[in-house]
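Colleague: For reference, the structure I am asking about is given below.
The values are calculated or read from the model by the stated rules, or taken from the named source; none is laboratory data. Being a predicted model, the structure only gives us computed values, none of them experimental. We place every Cβ from the backbone using ideal geometry, glycine too, and count neighbours over all the protein chains shown.
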Amino acid sequence: MPDYDLIVMGAGHNALVTAAYAARAGLKVGVFERRHLVGGAVSTEELVPGYRFDYGGSAHILIRMTPIVRELELTRHGLHYLEVDPMFHCSDGETPWFIHRDPARTIRELEEKFPGQGDAYGRFLDDWTPFARAVADLFNSAPGPLDLGKMVMRSGQGKDWNEQLPRILRPYGDVAREYFTDERVRAPLVWMAAQSGPPPSDPLSAPFLLWHPLYHEGGVARPKGGSGGLTKALRRAIEAEGGEVFTDAPVKEILVRDGQAQGIRLENGETYTARAVVSGTHVLTTAAALPDEYVPAAAKNVRVGNGFGMILRLALSEKVKYRHHTEPDSRVGLGLLVKNERQIMQGYGEYLAGQPTTDPPLVAMSFSAVDDSLAPPQGDVLWLWAQYYPFELASGSWETRTAEARENILRAFEHYAPGTRDTIVGELVQTPQWLHDHLGLHRGNVMHLEMSFDQMFSFRPWMKASQYRWPGIRGLYLTGASTHPGGGIMGASGRNAARVIVKDLTRRGWR
Ligand SMILES: Cc1cc2nc3c(=O)[nH]c(=O)nc-3n(C[C@H](O)[C@H](O)[C@H](O)COP(=O)(O)OP(=O)(O)OC[C@H]3O[C@@H](n4cnc5c(N)ncnc54)[C@H](O)[C@@H]3O)c2cc1C
């Protein structure tokens, strides 16, 4: 008898979702995680006394467009989502505005501040909400060769697809220019779309902006206690069904005999057997754990890119004070702090030349405004995500250039909130090198692989592996950001993979 029905390599949120569904379907599940805690890029710890920092993703948006929380009864297992509303505060430093969950309020306030732009926002939502919903549906199922066609057809609402298709294949910067004439409105929307990686000028990137209407549908949320509240609840859900979760348990090898996955060997030499193995690590980590003859060239040739963001996490003794923003609203949502579109392109240009951005646009997060467990009563957490930062630098190394990059992020933020640096009592600087070394995110790519069209849907991680099965090895499955629908806190890959595995391993199949 094997030790488990299903061994799960890695305990990122996607792998935990797969494990939880498999355990609920009656499979005996064992999860093995390299780090000292579960969650991977969705985990939280008290890193400065009194201050809890997320290690990775913070804004829970896409997972709320899936049925995962309900189906796995995660509320019963301790997950408590706090609404973040206003969802975004947008600012060039002089004229802030807010995106509320309620589109009507957003449109009204925009129209008051920037005449004509509220109407444009309303038109944008009307035009693209059907498309955004079609994309969310495609995320929640295994990818197929006709996905692009489905997206276009469902989004069309009677429009001619000959006209609709080129609109979807444009760069998202062009989409923004079609709707918004005022750069103070346009630039923050473009900056939010840039969070997936590709710059605003990339052809085929329009969907990164066109799914913006989804924010109004699902909202932005935070698990109480930090992002890791999600993965802690997933762990409890697995254990409640008899599953076992091991931390500090790095997998060294996936054991394969005669084309069949047999189990795993840990770094410490212990071996565990199973009917099947699913890996939720970066696909290059999975490949490295396999005998070389089972690793096709396509697996080695996936495009990871050269990093793209870094984050400065600060513990502050006082609350953040913005120069021009209305308190406390400005501290609640994601701060899309960008002077203009040129600032994004300049950062991207420096990145292409192998240099850390000198004046980065920022996403500022001070979620202690919605969750008092993150910081002492007088203080704040302040996390500043910035782009773009190469993993491989043209000169120097991350050891020698971290201080300069940190200083540039802080200086960029003080354009919006001067004096912040005087209130810093602790910090964590996460460079692309840090993300690679500590979270296993190869070359610092938080999405595992580049989110460009040639690596999305059926092309992720590569065509023959896109159905969550490793080609050429029976009983070896894939999940995680390296697979469809890619990076971000969503869990859809975990659920899609579970559906395949449960169908294969149980008589009852997926219900
Ligand atoms: C700084 C940062 C900010 C982000 N912000 C956001 C955000 O606000 N909103 C959003 O939606 N997304 C955000 N993201 C992206 C999102 O968090 C990730 O894309 C997503 O969490 C990836 O999850 P995953 O389960 O697919 O993989 P991962 O989280 O990468 O999980 C892989 C797991 O495998 C483990 N592992 C690796 N090697 C081994 C081994 N040999 N043996 C056993 N285990 C192993 C790792 O330790 C890890 O736990 C952010 C990411 C980062 C890093």
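Colleague: Can you say whether ARG495 is surrounded by fewer than 21 Cβ atoms within 10 Å (Cβ to Cβ), in contact with a Phe, Trp or Tyr (Cβ under 8 Å, 6 or more places away or on another chain) and part of a helix (DSSP H, G or I), as far as the supplied structure shows?
Modeller: Criteria not met by ARG495.
Colleague: Here is a further query. Report the residue count in the stretch 230-246 for those that are part of a loop (DSSP other than H, G, I, E, B) and either buried (at least 17 other Cβ atoms within 10 Å of the Cβ) or within 14 Å of the ligand (Cβ to nearest atom) (or both).
Modeller: Initial filter on the stretch 230-246 (part of a loop (DSSP other than H, G, I, E, B)): 241-243.
Add one more test, that the residue is either buried (at least 17 other Cβ atoms within 10 Å of the Cβ) or within 14 Å of the ligand (Cβ to nearest atom) (or both), and what stays is 241, 243.
Matching residues across the stretch 230-246 total 2.
Colleague: While we're on this one: Can you go through PRO207, PRO145 and tell me which one is more than 16 Å from the ligand (Cβ to nearest atom), at negative phi and touching a Phe, Trp or Tyr at 6+ places or on another chain (Cβ under 9 Å)?
Modeller: Exactly one of PRO207, PRO145 is more than 16 Å from the ligand (Cβ to nearest atom), at negative phi and touching a Phe, Trp or Tyr at 6+ places or on another chain (Cβ under 9 Å), namely PRO145.
Colleague: Another question about this same structure. Cβ-Cβ distance below 6 Å, separation of 6 or more or different chains: which pairs start in the stretch 167-195 with a residue that is within 14 Å of ARG123 (Cβ to Cβ) and end on one that is assigned to a helix (DSSP H, G or I) and of a type in the set (Lys, Arg)?
Modeller: Every condition considered, the pairs that remain are ALA176/ARG186; PHE180/ARG186.
Colleague: Also, quick follow-up: Please go through (1) touching a residue at least 40 places away in the same chain (Cβ under 8 Å); (2) more than 23 Å from the chain's Cα centre (by Cα); (3) surrounded by fewer than 17 Cβ atoms within 10 Å (Cβ to Cβ) for VAL48 and return the number of the only condition it doesn't satisfy.
Modeller: (3)
Colleague: Considering only the stretch 196-233, state which residues are among the small types (Gly, Ala, Ser) and under 29 Å from ARG52 (Cβ atoms). First the steps, then the outcome.
Modeller: In the first step, residues of the stretch 196-233 are kept if they are among the small types (Gly, Ala, Ser); the result is 196-197, 201, 205-206, 218-219, 221, 225-229, 233.
Within the stretch 196-233, SER196, GLY197, GLY218, GLY219, ALA221, GLY225, GLY226, SER227, GLY228, GLY229, ALA233 meet the criteria.
Colleague: Residue check: is GLU450 surrounded by fewer than 24 Cβ atoms within 10 Å (Cβ to Cβ), within 13 Å of the ligand (Cβ to nearest atom) and outside any helix (DSSP H, G or I)?
Modeller: Values: surrounded by fewer than 24 Cβ atoms within 10 Å (Cβ to Cβ): yes; within 13 Å of the ligand (Cβ to nearest atom): yes; outside any helix (DSSP H, G or I): yes.
Yes.
Colleague: Determine whether SER466 is under 30 Å from CYS90 (Cβ atoms), more than 12 Å from the ligand (Cβ to nearest atom) and small (Gly, Ala, Ser).
Modeller: When the stated conditions are applied, SER466 does not pass them.
Colleague: Let me ask another. Checking PHE367 against (1) under 18 Å from LYS321 (Cβ atoms); (2) away from the ligand (no atom under 16 Å from the Cβ); (3) aromatic (Phe, Trp, Tyr): exactly one of these is not met. Which one?
Modeller: Among (1) under 18 Å from LYS321 (Cβ atoms); (2) away from the ligand (no atom under 16 Å from the Cβ); (3) aromatic (Phe, Trp, Tyr), the lone unmet condition for PHE367 is (2).
Colleague: Please verify whether the stretch 81-98 includes one or more residues that are buried (at least 17 other Cβ atoms within 10 Å of the Cβ) and in a helix (DSSP H, G or I).
Modeller: no
Colleague: Tally up the residues in the stretch 318-359 that are under 23 Å from the mean Cα position of the chain (by Cα) and part of a loop (DSSP other than H, G, I, E, B), please.
Modeller: 4
Colleague: Taking ARG508 and the conditions (1) more than 16 Å from the ligand (Cβ to nearest atom); (2) within 23 Å of ASP147 (Cβ to Cβ); (3) part of a loop (DSSP other than H, G, I, E, B), which numbered condition does it fall short on, given that it satisfies the others?
Modeller: Failed condition: (2).
Colleague: Given the criterion out of contact with any strand residue (DSSP E or B) (no Cβ under 6 Å at 6 or more places or on another chain) and not assigned by TED's automatic domain parsing to the domain that holds HIS484, identify the matching residue among PRO199, PRO188, PRO250. Walk me through how you get there before you give the answer.
Modeller: On the way: PRO188 fails: out of contact with any strand residue (DSSP E or B) (no Cβ under 6 Å at 6 or more places or on another chain); PRO250 fails: not assigned by TED's automatic domain parsing to the domain that holds HIS484.
On inspection, the qualifying residue turns out to be PRO199.
Colleague: Now for a different question. Against the conditions (1) in contact with an Asp or Glu (Cβ under 7 Å, 6 or more places away or on another chain); (2) surrounded by fewer than 17 Cβ atoms within 10 Å (Cβ to Cβ); (3) touching a residue at least 12 places away in the same chain (Cβ under 8 Å); (4) not basic (Lys, Arg), where does GLU111 fall short? Just the number, please.
Modeller: (3)
Colleague: Could you list, ordered by first residue, the pairs with Cβ atoms under 8 Å in which the first is in the stretch 498-511 and exposed (fewer than 12 other Cβ atoms within 10 Å of the Cβ) and the second is not basic (Lys, Arg) and not in a helix (DSSP H, G or I), at least 6 apart or interchain?
Modeller: ARG508/ALA25; ARG508/GLY26; ARG511/ALA25
Colleague: On the basis of being in contact with a Leu (Cβ under 9 Å, 6 or more places away or on another chain), within 19 Å of VAL8 (Cα to Cα), near the ligand (Cβ under 10 Å from one of its atoms) and in a loop (DSSP other than H, G, I, E, B), does GLY486 make the cut? Can you show your working first?
Modeller: Numbers: in contact with a Leu (Cβ under 9 Å, 6 or more places away or on another chain): yes; within 19 Å of VAL8 (Cα to Cα): yes; near the ligand (Cβ under 10 Å from one of its atoms): yes; in a loop (DSSP other than H, G, I, E, B): yes.
So GLY486 passes the test.
Colleague: A further question on this structure: Can you find a residue that is in a helix (DSSP H, G or I) and either over 22 Å from SER91 (Cβ atoms) or hydroxyl-bearing (Ser, Thr, Tyr) (or both) anywhere in the stretch 410-419? Even if it seems obvious, please write down each step before you answer.
Modeller: Filtering the stretch 410-419 for residues in a helix (DSSP H, G or I) gives 410-414.
Narrowing further to those that are either over 22 Å from SER91 (Cβ atoms) or hydroxyl-bearing (Ser, Thr, Tyr) (or both): none.
Taking every residue of the stretch 410-419 in turn, none turns out to be in a helix (DSSP H, G or I) and either over 22 Å from SER91 (Cβ atoms) or hydroxyl-bearing (Ser, Thr, Tyr) (or both).
Colleague: Counting only residues that are within 17 Å of LEU74 (Cβ to Cβ) and either among the aliphatic types (A, V, I, L, M) or without any contact (Cβ under 8 Å) to a residue 24 or more places away in the chain (or both), which one in the stretch 24-45 is surrounded by the most Cβ atoms within 10 Å (Cβ to Cβ)?
Modeller: VAL31
Colleague: Being surrounded by 17 or more Cβ atoms within 10 Å (Cβ to Cβ) and not polar (S, T, N, Q) is the filter here; which residues of the stretch 435-447 pass it? Don't jump to the end; show me each part of the working.
Modeller: Looking only at the stretch 435-447, we keep the residues that are surrounded by 17 or more Cβ atoms within 10 Å (Cβ to Cβ), and these are 435-436, 439-447.
Listed by number, the residues that qualify are LEU435, HIS436, LEU439, GLY440, LEU441, HIS442, ARG443, GLY444, VAL446, MET447.
Colleague: So, in the stretch 247-262, exactly how many residues are away from the ligand (no atom under 13 Å from the Cβ) and either under 21 Å from ARG35 (Cβ atoms) or crowded, with 23+ Cβ neighbours inside 10 Å (or both)? It would help to see each step written out before you state the result.
Modeller: Residues of the stretch 247-262 away from the ligand (no atom under 13 Å from the Cβ): 255-262.
Within this subset, residues satisfying the condition of being either under 21 Å from ARG35 (Cβ atoms) or crowded, with 23+ Cβ neighbours inside 10 Å (or both) are 261.
Qualifying residue count for the region: 1.
Colleague: Of the conditions (1) touching a helix residue (DSSP H, G or I) at 6+ places or on another chain (Cβ under 7 Å); (2) closer than 30 Å to ALA261 by Cβ; (3) not acidic (Asp, Glu), PRO296 satisfies every one except a single condition; which number is it?
Modeller: (1)
Colleague: Go through the stretch 16-56 residue by residue and tally those that are within 15 Å of the ligand (Cβ to nearest atom), out of contact with any strand residue (DSSP E or B) (no Cβ under 8 Å at 6 or more places or on another chain) and within 16 Å of ALA233 (Cα to Cα).
Modeller: 3
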